[in-house]
1. Which entry in (1) 41, 36, 22; (2) 50, 38, 21; (3) 49, 38, 28 matches Cα extents along the principal axes in Å derived from the coordinates of this structure?
2. Using only alpha carbon pairs under 8 Å that are at least six residues apart, calculate the relative contact order of the stretch 17-111 and give it in whole percent.
3. Given a Förster distance of 30 Å, report the FRET efficiency between residue 6 and residue 88 from their Cβ-Cβ distance, rounded to the nearest 0.05.
4. If you fit an axis through the alpha-carbon atoms of helix 28-48 and take the longest principal axis of the Cα set of the chain, what angle between them do you get, 0 to 90°, nearest 10?
5. Exposure proxy check: 74, 69 ranked by fewest other beta carbons within 10 Å?
6. Given the options 33, 88, 15, state which has the largest fluctuation in a GNM of the chain using a 10 Å cut-off (strictly under) for Cα springs.
7. Cα axis of helix 52-80 to longest principal axis of the chain: angle in degrees, 0 to 90, nearest 10?
8. Rank 80, 59, 16 by mean-square fluctuation in a GNM of the chain with C-alpha springs under 10 angstrom and give only the top-ranked residue.
């Protein structure tokens, strides 16, 4: 499992900065849609994995998805919110994300 996380983090680190520059040129929402498509592809690879190489490919796509989505979400929030309440908006986003992640983890444990 740890090796898959290494692959994911390498893919994330290699894609985050180039995607940020690309989002300034072609638009954030289009790249966010591509990120969702890549996430679906990653999930399909994980579901169909019959060996370590398919799992590593799924982990690499997962990292690419994170590179496509994580920075773009922050940029979309910054673009949409007035500068005087931007910090509050990021705090509320972090709170909502944390509560959703907690709920997902509790559901996963229950299942």
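What follows is calculated from the coordinates using simple rules that are stated; it is not laboratory data. These numbers come from a predicted model, not from an experiment. With ideal geometry, Cβ positions are generated from the backbone for all residues, glycine too; neighbour counts draw on all protein chains shown.
1. (2)
2. Rounded, it is 26 percent for the stretch 17-111.
3. 0.25
4. Helix 28-48 sits at roughly 20 degrees to that axis.
5. So the ranking, lowest neighbour count to highest, is 74, 69.
6. Looking only at 33, 88, 15, the biggest GNM fluctuation is shown by 88.
7. So the helix axis and the longest Cα principal axis differ by about 10 degrees.
8. Looking only at 80, 59, 16, the biggest GNM fluctuation is shown by 80.
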